[in-house]
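The structure under discussion appears below in the form of structure tokens.
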Amino acid sequence: MSKLVGVIGGMGPMATTKFMELVINNTKAEKDQDNVDMLVCQYSSTPDRTAYILGNSNEDPGEAMIKAAKLLESEKCDFLVMPCNTATFFYDKIAKEISVPLINIAEETVKHSLKIGAKKIGLMATDGTIKASVYDQYIPEGITLFKPDEEHQKRIMDVIYKEVKQNLIPNKENFIDIINYFKNNGCDVVVMGCTELSVAVEQLDIDDPMVVDSLTVLAKLTIVKADKLLK
């Protein structure tokens, strides 16, 4: 019997639908039944993760995530995924409330970066992910995690909040310029450590071997753990 994947979604809504599309597009299938079974909890009303982490909001998004996780567990999901990097700040809080495995997108993205030989990892992410050191805890000794300066971090946040989250297509020249900033600072890979950035990569048709997309990493791992075949 096929494994059922539970998706804690809505953070943001477009990133969740992009995750589902990536799972489908990366699955080797000859018929419907060869695809991954997914149960999606699209709680778009989940309070903003970055606002809470930065102290700009008292609404704890962790509670909504736990509610979604428990709902998915009650529906007999075999494991859960959360297509949001900033939400990883709440990972331990969610995991201790459920008995099924919850895949950690940040940890798995770092593992993938190391697997392809990265020694200096550039991180494009929200202010919340940066401030909460979501990725830092998974960086082993001898590996550098490079974070942008204030100017470039603001530009990244503008892409996330003023473009993708407003359902707008980002400016490609600006996006590529930001990626080049990381390359010029000696990064071996540039991690899209926010799923809105993953959406931007797809919208702008960015095909760069140095770009590591966290959402694609999660999608491919989901396929494997669901006992389906990768293309």
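Values in this text are rule-based calculations from the coordinates and carry no lab data. Keep in mind that this is a model prediction, so the values were computed, not measured. Positions of Cβ are generated from backbone atoms using ideal geometry, with glycine treated the same way; all protein chains shown enter the neighbour counts.
A few remarks follow.
- Highest-first packing order for the peptide set 11-23, 86-98 is 11-23, 86-98, based on the mean count of other beta carbon atoms within 10 Å.
- Computed from point charges on the beta carbon alone (+1 for Lys and Arg, -1 for Asp and Glu), the dipole magnitude for segment 107-213 about its Cα centre is near 200 Debye.
- For a paramagnetic label modelled on residue 59 (point 7 Å from Cα along Cα→Cβ), amide N atoms under 11 Å away are absent within segment 142-165.
- Considering only the chain, percent of DSSP beta bridges that pair antiparallel, nearest 5: 5 percent
- When the chain is described by a simple charge dipole with +1 on each Lys and Arg Cβ and -1 on each Asp and Glu Cβ, the residue from 145, 33, 20 located farthest towards its positive end is 33.
- Rel. contact order, % - alpha carbon contacts under 8 angstrom, at least six apart, the chain: 27 percent
- When each of 115/162; 31/225; 119/147 is checked by Cα-Cα distance, pairs over 22 Å: 115/162
- Considering segment 107-213 at the alpha-carbon level, its Rg and Dmax are found to be 12.9, 39 Å.
- Compactness of the chain as Cα Rg over 2.2 N^0.38 Å, two decimals: 0.97
- Label zone of residue 17 (point 7 Å out along Cα→Cβ, amide N under 15 Å): in segment 194-231 this covers 196, 199-200, 202-203.
- For segment 50-134: rounded, prolate or oblate by the Cα gyration tensor [a/c cutoff 1.5]: oblate
- Gap separating the Cα centres of segment 1-29 and segment 71-126, nearest whole Å: 14 Å
- Highest average packing first - 201-211, 100-110, Cβ atoms within 10 Å: 100-110, 201-211
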